[in-house]
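Below: one structure, written as structure tokens.
The values are calculated or read from the model by the stated rules, or taken from the named source; none is laboratory data. Treat the numbers as computed from the prediction; the structure is a model and nothing was measured. Here Cβ is always computed from backbone atoms with ideal geometry, including for glycine, and neighbour counts include all displayed protein chains.
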Amino acid sequence: MSVNSYSSLLEPWNPMLMVLKVKVFSPRNEDKKTEIFVFLDSGSEVSYITDELTKKLNLPKLGEGFLEVYTFQGNKSEKQQSGKYLLGIERKDGKNEIIELLSINKIANELRSVTINEICGHLKLKDIKNNLVTNYGKPDLLIGVKDFWRFFIKKTEISKGCYLVNTTIGSVICGENQKISQQVVPLHLNEPV
């Protein structure tokens, strides 16, 4: 049974990961952008990109080597060839960021992305439910701890264990999937950095 199968057994406590859609591009061609899913994972030491996306965008290769990937238990490892690449990411304010990534065959199976419509101003938490956007997709990009804090703006607890995380590349709901409370909290989705 896969990890995704187990998590579906946990409803309504199905945890939501920080997965959202972003526009990315090759630093060689900033005008040709493509939309992909990114997994923000502050627990990962390194940022990764799929081999498939490196080819699709014809990314500049900075070097290559071997990557040793361990399972969660840490008792099994797999070596695979990996390249080091530069990738551009479009922020919500229209500015671009360039990050350095290692390539990997696959990041994850299809993951759920729960984001919020980009509405500025103050929202009642009960209104968040009516502005949620749920998508499913395989992430082509994993942003690890080294780059995570470049994009992070703030988090707001919207119910016990459930957060609205604001980043420069979008706002995402993550944590435990519990009922959203009725209290009023000021939510500024696109704060300048």
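For beta carbons closer than 6 Å, sequence separation of 6+ or different chains, a first residue in region 153-172 that is surrounded by fewer than 18 Cβ atoms within 10 Å (Cβ to Cβ) and a second that is charged (D, E, K, R) and not in a strand (DSSP E or B), the qualifying pairs are ILE153/GLU191; GLY161/GLU176. List the residue pairs whose Cβ atoms are under 7 Å apart, where the first residue sits in region 11-29 and is modelled with pLDDT under 85, the second is surrounded by 19 or more Cβ atoms within 10 Å (Cβ to Cβ), and the two are 6 or more positions apart or on different chains. From region 11-29, the pairs are PRO12/ASN177; TRP13/ASN177; ASN14/ASN177; PRO15/GLY175; PRO15/ASN177.
A quick yes/no check of all residues on (1) more than 30 Å from PRO27 (Cα to Cα); (2) in contact with a Pro (Cβ under 6 Å, 6 or more places away or on another chain); (3) modelled with pLDDT of 85 or more; (4) outside any strand (DSSP E or B):
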| site | (1), (2), (3), (4) |
| --- | --- |
| GLN81 | no, no, yes, no |
| TYR85 | no, no, yes, no |
| GLY94 | no, no, yes, yes |
| THR156 | yes, no, yes, no |
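Scanning region 126-151 for residues that are out of contact with any Leu (no Cβ under 8 Å at 6 or more places or on another chain), free of Cβ contacts under 8 Å to residues at least 40 places away in the same chain and assigned to a strand (DSSP E or B) yields VAL133, THR134.
Residues that are closer than 21 Å to THR168 by Cβ and assigned to a strand (DSSP E or B) do not occur anywhere in region 57-70.
Which of the residues that make up region 30-56 are assigned to a helix (DSSP H, G or I), surrounded by fewer than 19 Cβ atoms within 10 Å (Cβ to Cβ) and free of Cβ contacts under 8 Å to residues at least 60 places away in the same chain?
Initial filter on region 30-56 (assigned to a helix (DSSP H, G or I)): 51-56.
Narrowing further to those that are surrounded by fewer than 19 Cβ atoms within 10 Å (Cβ to Cβ): 51-52, 55-56.
Listed by number, the residues that qualify are ASP51, LYS55, LYS56.
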